[in-house]
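Encoded as structure tokens, the structure appears first; notes follow it.
The values are calculated or read from the model by the stated rules, or taken from the named source; none is laboratory data. For clarity, every value in this text was computed on a predicted model and none was experimentally measured. Methodologically, a virtual Cβ is constructed for each residue, glycine included, from the backbone with ideal geometry; neighbour enumeration extends over all protein chains shown. Just the protein is used for accessible areas: all its heavy atoms, side chains included, with ligands, DNA and RNA removed. Shrake-Rupley method; radii C 1.70, N 1.55, O 1.52, S 1.80 Å.
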Amino acid sequence: MAAIYPSPKRSPSQAVRTAKQRRWFMPVSLLGGLLLWQIIVTVSGLPAFILPSPVEVAVRFWDMLTGGRLLLHTAVTLSELLLGLLAGGGAATLTGYALAKSPSAERLMSPYLIASQAVPVAAIAPLLVIWFGPGMASKVLICGLTVFFPVLINTIVSLRGVPENLRDVMRAMRATPRQTLLLLEIPAALPVYLAGLRVGATLSVIGAVVGELVGSNQGLGFLINLGRGQYDTALVFVAVFGLVTLAILLYGTVLLVERRCLAWQSDPDKETSLL
Amino acid sequence: MCPATLLRIKNLSVTFQDGNGGLEALDSVNLDLPECRFVAVLGPSGSGKTTLLRIIAGLIQPTSGSLQFNTPEGNPPRIGLVFQQANLMPWRTAIQNITLPLEMQGISEKDACERARGFIDLVGLRGFENSWPRNLSGGMAQRVALARALIQEPDLLLLDEPFGALDALTREHMGAELLRIWQARETTVMMVTHSISEALLLADRVVVLSARPGRLVRELDVPFPRPRTDEIRYSPEFVALSHDLRASIKEEPEPIPVARKPKK
Ligand SMILES: Nc1ncnc2c1ncn2[C@@H]1O[C@H](COP(=O)(O)OP(=O)(O)O)[C@@H](O)[C@H]1O
Ligand SMILES: [Mg+2]
């Protein structure tokens, strides 16, 4: 029978085998990229201050790492990111909760909220640096502003989206507002809220770099400025890779939280390696 | 143990505000719910059956009239409500959905789970305790909803077409299950249903609401002795009563709005 009517679904052992094979895809594609980069440098003969080779960048990276400077600047940028996420995300969550509960408050605030989104952060970054100095404070603020809007919108949308029939279940059980918040609203809002946080986390890296590029004396953005000024292009590359790593780390952390908290809705067949 | 009237509904009327004068859903409904009895509510759709249940559950306020609960020491009644949809929390497993009311009463997780096991057996869900709702069939989800209502040890269990979303076979099976469950633990039940045979099989008393606005047009005491089984569906008395009830439910077609020429 089985031979005559082949099952349309892959057998479990087959699925495992392809998953194992896929594990090699990412390292192979990365290695291939590096190789291509080296070939371009060798063939074109471009000077290192225009396009350093992967080997030169790796050497520069090692210098910076062992000298301790890379860790210092990365730590500064990371602190700005985390503080910005905490402040901006926290403020957005509280504001979003209040606005979700009160449509009239939302009306009242909406012009300011929309304006805050319409002003490009890069345009007001210089102002904030003038007002709050070239230290971390101005970057935390810029980061926070970048994070604020996506988290705010998703908080409102997620809370408004709590199904009315589930609210009825809670009402019929005489739930207190606190119980409704903890047992219904937070878990129901979490998928959309975390998606907002994930976008916010990625955007916050842009906020921090913009702030550091405008004026700073520490951080990966500062390293980029430094490298550019001295035609130390390898240093610029090292800083950029540092930023990429931070961004992936933040994104991955939120993703991990999502996977853990949202196991109830995960469907392994639909997962992608991008999300 | 159960001689009294649990709930006395007096002159209950409900009008929903809808912009053009209000929509009258229920009109002076008087009804007594005897303790430990099973009351089935029949009526054409739109006759206010759901509205009646939502008022009793305290989800909406009546426009006029009163509800009088006869609970010991005038405590607020505990009410278990099961909707047409299971309305499970998708982020809680089957057993976690059942323990939700206990969690709200501050009962420890261990004690709550222990109590839930008994109800899992009662509704026939053993082996599915840790399933997510998205992996449960409609019938199983409705069993979870029923267990979630029963675990509150309600004074009154309200069921709003609990099997309405299920296919015919599952529905008949669930009716028989409910009969078994109710006969095992006599609580006061009020169940809305579209199915006359379901009402006759399960209930001690059947009440019929008229088309909008809902008025009480018929109260019938079901004569079949207990314990009952599914078999009575095929007895001649059962069939005769079904016909009788069918006649008192006039499913009037919704009036089709006729396009009128605008007045000058
Ligand atoms: N919240 C509401 N607002 C306005 N009208 C409503 C509301 N709930 C129910 N109705 C109306 O009241 C009538 C009775 O509804 P319902 O109680 O759901 O009837 P049934 O459950 O018997 O089908 C219907 O015409 C319905 O449109
Ligand atoms: Mg209804």
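When the stretch A:233-269 is filtered for residues that are crowded, with 18+ Cβ neighbours inside 10 Å and acidic (Asp, Glu), only A:Glu258 remains.
Restricting attention to the stretch A:48-77, the residues that are crowded, with 20+ Cβ neighbours inside 10 Å and closer than 16 Å to A:Val244 by Cβ add up to 7. When residues in the stretch B:42-80 are screened for being among the aliphatic types (A, V, I, L, M), away from every other protein chain (no Cβ under 14 Å) and closer than 26 Å to B:Ile196 by Cβ, 2 of them pass.
The rows are residues; the columns are (1) touching a helix residue (DSSP H, G or I) at 6+ places or on another chain (Cβ under 6 Å); (2) more than 16 Å from ligand 1 (Cβ to nearest atom).
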position	(1), (2)
B:Leu178	no, yes
B:Gln183	no, yes
B:Leu202	yes, yes
B:Arg212	no, no
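Output the residues belonging to the stretch A:216-246 that are of a type outside the set (A, V, I, L, M, F, W, C) and assigned to a helix (DSSP H, G or I). A:Gly221, A:Asn225, A:Gly227, A:Arg228, A:Gly229, A:Thr233, A:Gly242, A:Thr245, listed by residue number.
Please report, ordered by residue number, the helices (runs of 4 or more DSSP H) entirely within the stretch B:81-163 with at least 2 residues that are within 13 Å of another protein chain (Cβ to nearest Cβ). Full working, then the answer.
Details: elements: B:94-104, B:109-122, B:138-150.
Those helices (runs of 4 or more DSSP H) span B:94-104, B:138-150.
Tallying residues that are touching a residue at least 60 places away in the same chain (Cβ under 8 Å) and among the acidic types (Asp, Glu) within the stretch A:22-70 yields 1. Applying the set (1) modelled with pLDDT under 90; (2) surrounded by 21 or more Cβ atoms within 10 Å (Cβ to Cβ); (3) within 29 Å of A:Ser266 (Cβ to Cβ) to B:Phe163 leaves exactly one unmet item: (3). Considering only residues in the stretch B:168-194 that are within 16 Å of ligand 2 (Cβ to nearest atom) and assigned to a strand (DSSP E or B), the one that is farthest from B:Pro154 (Cα to Cα) turns out to be B:Val192.
Look through B:Asp32, B:Asp27 and report the one residue that is charged (D, E, K, R), part of a strand (DSSP E or B) and without any contact (Cβ under 8 Å) to a residue 40 or more places away in the chain. Spell out the reasoning first.
Numbers: B:Asp27 fails: without any contact (Cβ under 8 Å) to a residue 40 or more places away in the chain.
Sole residue among the options that is charged (D, E, K, R), part of a strand (DSSP E or B) and without any contact (Cβ under 8 Å) to a residue 40 or more places away in the chain: B:Asp32.
If you check B:Leu150, B:Leu158, B:Leu102, B:Leu88, which single one turns out to be within 16 Å of ligand 1 (Cβ to nearest atom) and buried (at least 17 other Cβ atoms within 10 Å of the Cβ)?
Values: B:Leu150 fails: within 16 Å of ligand 1 (Cβ to nearest atom); B:Leu102 fails: within 16 Å of ligand 1 (Cβ to nearest atom); B:Leu88 fails: within 16 Å of ligand 1 (Cβ to nearest atom).
Matching residue, one of B:Leu150, B:Leu158, B:Leu102, B:Leu88: B:Leu158.
If you check B:Asn20 against the conditions, is it away from every other protein chain (no Cβ under 14 Å), away from ligand 2 (no atom under 16 Å from the Cβ), open to solvent by 10 Å² or more (accessible area, probe 1.4 Å) and without any contact (Cβ under 8 Å) to a residue 24 or more places away in the chain? Talk me through it step by step, then tell me what you get.
Working: away from every other protein chain (no Cβ under 14 Å): yes; away from ligand 2 (no atom under 16 Å from the Cβ): yes; open to solvent by 10 Å² or more (accessible area, probe 1.4 Å): yes; without any contact (Cβ under 8 Å) to a residue 24 or more places away in the chain: yes.
In short, yes.
Mind listing whichever residues of the stretch A:28-57 are closer than 9 Å to A:Ala234 by Cβ and within 26 Å of the chain's Cα centre (by Cα)? Listed by number, the list holds a single entry, A:Val57. Counting only residues that are more than 9 Å from every other protein chain (Cβ to nearest Cβ) and open to solvent by 20 Å² or more (accessible area, probe 1.4 Å), the stretch A:160-179 holds 6 of them. Got a number for residues in the stretch B:197-214 being open to solvent by 10 Å² or more (accessible area, probe 1.4 Å) and either more than 16 Å from ligand 2 (Cβ to nearest atom) or of a type in the set (Gly, Ala, Ser) (or both)? Total meeting the criteria: 5.
Please work out which residue is nearest to the chain's Cα centre (by Cα), limiting yourself to the stretch B:55-71 and to residues that are farther than 16 Å from B:Ser28 by Cβ and assigned to a loop (DSSP other than H, G, I, E, B). Selected residue: B:Ala57.
The residues of the stretch B:69-117 that are touching a strand residue (DSSP E or B) at 6+ places or on another chain (Cβ under 6 Å), away from ligand 2 (no atom under 16 Å from the Cβ) and closer than 14 Å to B:Glu153 by Cα, listed by number, are B:Pro77, B:Ile79, B:Gly80. Right, B:Ala40: touching a Ser or Thr at 6+ places or on another chain (Cβ under 7 Å), modelled with pLDDT of 90 or more and open to solvent by less than 10 Å² (accessible area, probe 1.4 Å) or not? For B:Ala40, the condition - touching a Ser or Thr at 6+ places or on another chain (Cβ under 7 Å), modelled with pLDDT of 90 or more and open to solvent by less than 10 Å² (accessible area, probe 1.4 Å) - is met. Based on this model, can you work out whether B:Ser66 counts as touching a strand residue (DSSP E or B) at 6+ places or on another chain (Cβ under 6 Å), in contact (Cβ under 8 Å) with a residue 40 or more places away in the chain and more than 16 Å from ligand 1 (Cβ to nearest atom)? Criteria met by B:Ser66. A:Ala137 passes every criterion in (1) in contact with a Lys or Arg (Cβ under 9 Å, 6 or more places away or on another chain); (2) away from chain B (no Cβ under 13 Å) apart from (1).
Taking (1) in a helix (DSSP H, G or I); (2) open to solvent by 40 Å² or more (accessible area, probe 1.4 Å) in turn, B:Leu52 satisfies each apart from (2).
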